[in-house]
Amino acid sequence: MLEELKRPTAVDELAANRGWPDASLVEAALQSFASHRLVEKHRGRWRIANRGRRLLNDELTRAAYEAFSTYHTGLYRDLEEVLACGGGRMDVKKDGDLIARLSRFMDEFVFAELDRLVAERSPRRLLDVGCATGTHVRRVLEAAPSASAVGVEADPAAAALARLSLEVGDVGDRAEIVDTDVERFLRERPGETFDFVLLANVIYYAPIRDRAVLLRALADRLNEDGRLVVVTTFLSDDAFSRHFDLLLRSQDGALELPDTDVLCGQLREAGLVPRAPRRIAAGQPLIAVVADRR
């Protein structure tokens, strides 16, 4: 609707263009949007307001509106059915590209951690598991001009966004995006090793029973001086943490947020030596765990 209001449009015209039979209902919707300063009425016609233009032009804000008006609030609308049926929602699979776009709201915190780690030990070869839109791959390659990277992304739409992002600028020839799941990637490319493996906002999409096996498989691909880094929202009494854990547990596939002690135990089980989890966003349940080979 906002797109159509880039030019002033009468409510009857808007309703006719969209095939909406009740113009008074369309008017009520526009009045609701106007209360949020997304649209405004001028000389009897509706047009997009400045805030609405910023919404259209800001990909992260658009993703937030889409996500919280769909699966985030939908979780509670359908909660009785979820509780009765024991989960089984498909948001993670159905909305993979939207989830990838929304995860960028944590980028500034992840970027700061990546900058710190690259300055500490510049990588030669990066594997980004669940690379989403490719922003983390780009950040590492910009900070480490001699490095190369592979991003693995199971959602085709997100992988397409990553390729498009990495084509811009001077890192495209050092990055490869593979649209597959990480297990298949490891199976089809045996012997390929890395000195930096990143799992940013992705560990909770693996069932908890499978995480130690996944981490072991990734640890086996580390060079002698390699390290594996997990960035994740963790389980705590923070309101967002509890909401996100409920959303995950409601999905098909037995997903859940990681407990920090359990995560560190799984990293040790994988043959790695994890450092103490480090909060990377003040007041937020977001941590980075750096784990080195023994």
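The values are calculated or read from the model by the stated rules, or taken from the named source; none is laboratory data. Treat the numbers as computed from the prediction; the structure is a model and nothing was measured. Neighbour counts run over all protein chains shown; Cβ positions are idealised from the backbone, glycine included. Please note that ligands, DNA and RNA were not included when accessible areas were found on the heavy atoms of the full protein model with its side chains. Shrake-Rupley method; radii C 1.70, N 1.55, O 1.52, S 1.80 Å.
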message: So in segment 179-194, with the set limited to residues that are farther than 24 Å from Phe105 by Cβ and either part of a helix (DSSP H, G or I) or in contact with a helix residue (DSSP H, G or I) (Cβ under 7 Å, 6 or more places away or on another chain) (or both), which one is most open to solvent (accessible area, probe 1.4 Å)?
response: Arg187
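Residue-by-condition table, conditions (1) crowded, with 20+ Cβ neighbours inside 10 Å; (2) modelled with pLDDT of 95 or more; (3) outside any helix (DSSP H, G or I):
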{"site": "Phe196", "(1), (2), (3)": "yes, yes, yes"}
{"site": "Val213", "(1), (2), (3)": "no, yes, no"}
{"site": "Asp225", "(1), (2), (3)": "no, no, yes"}
{"site": "Arg242", "(1), (2), (3)": "no, yes, no"}
{"site": "Leu263", "(1), (2), (3)": "yes, yes, no"}
{"site": "Arg268", "(1), (2), (3)": "no, yes, no"}
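Working only within segment 119-135, note down all residues that are among the aliphatic types (A, V, I, L, M) and either more than 17 Å from Glu108 (Cα to Cα) or touching a Lys or Arg at 6+ places or on another chain (Cβ under 7 Å) (or both). So that I can check it myself, show each step before the final result.
Here is the first cut: in segment 119-135, the residues among the aliphatic types (A, V, I, L, M) are 119, 126-127, 129, 132.
Hits for segment 119-135 are Leu126, Leu127, Val129.
For segment 270-294: of the residues being part of a loop (DSSP other than H, G, I, E, B) and open to solvent by less than 10 Å² (accessible area, probe 1.4 Å), which is nearest to Lys93 (Cα to Cα)? Write out each step before concluding.
Taking segment 270-294 and keeping what is part of a loop (DSSP other than H, G, I, E, B), we get 270-271, 275-277, 280-285, 294.
The next check asks that each one be open to solvent by less than 10 Å² (accessible area, probe 1.4 Å); those that pass are 270, 281, 285.
On the way: Ala270: 27, Ala281: 27, Pro285: 24 Å.
Among residues in segment 270-294 that are part of a loop (DSSP other than H, G, I, E, B) and open to solvent by less than 10 Å² (accessible area, probe 1.4 Å), the one nearest to Lys93 (Cα to Cα) is Pro285.
Can you name every residue in segment 127-165 that is in a strand (DSSP E or B) and of a type in the set (D, E, K, R)? Step through it out loud before you land on a result.
Our first condition is that a residue be in a strand (DSSP E or B); within segment 127-165, this holds for 127-129, 148-152.
Correct list: Asp128 only.
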message: Being more than 18 Å from Ala15 (Cβ to Cβ) and surrounded by 15 or more Cβ atoms within 10 Å (Cβ to Cβ) narrows it down to one residue among Leu55, Leu30; which is it?
response: Leu55
query: Can you tell me which residues in segment 1-27 are open to solvent by 40 Å² or more (accessible area, probe 1.4 Å), outside any helix (DSSP H, G or I) and not acidic (Asp, Glu)?
result: Met1, Arg7, Pro8, Gly19, Trp20, Pro21
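Checking the condition touching a residue at least 24 places away in the same chain (Cβ under 8 Å), touching a strand residue (DSSP E or B) at 6+ places or on another chain (Cβ under 7 Å) and crowded, with 17+ Cβ neighbours inside 10 Å, which residue from Val171, Val229 passes?
On the way: Val171 fails: touching a strand residue (DSSP E or B) at 6+ places or on another chain (Cβ under 7 Å).
Only one candidate passes the filter, namely Val229.
The rows are residues; the columns are (1) over 19 Å from the mean Cα position of the chain (by Cα); (2) closer than 26 Å to Gly96 by Cα; (3) free of Cβ contacts under 8 Å to residues at least 60 places away in the same chain.
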residue	(1), (2), (3)
Thr135	no, yes, yes
Asp179	no, yes, yes
Arg189	yes, yes, yes
Glu192	yes, no, yes
Leu198	no, yes, no
- request: Examine segment 158-169 for a residue that is of a type in the set (Val, Ile, Thr) and farther than 21 Å from Glu59 by Cα, and state whether such a residue exists.
  value: no
query: Considering Ala132, Ala149, which residue is modelled with pLDDT under 95, within 23 Å of Tyr204 (Cβ to Cβ) and surrounded by 24 or more Cβ atoms within 10 Å (Cβ to Cβ)?
result: Ala132
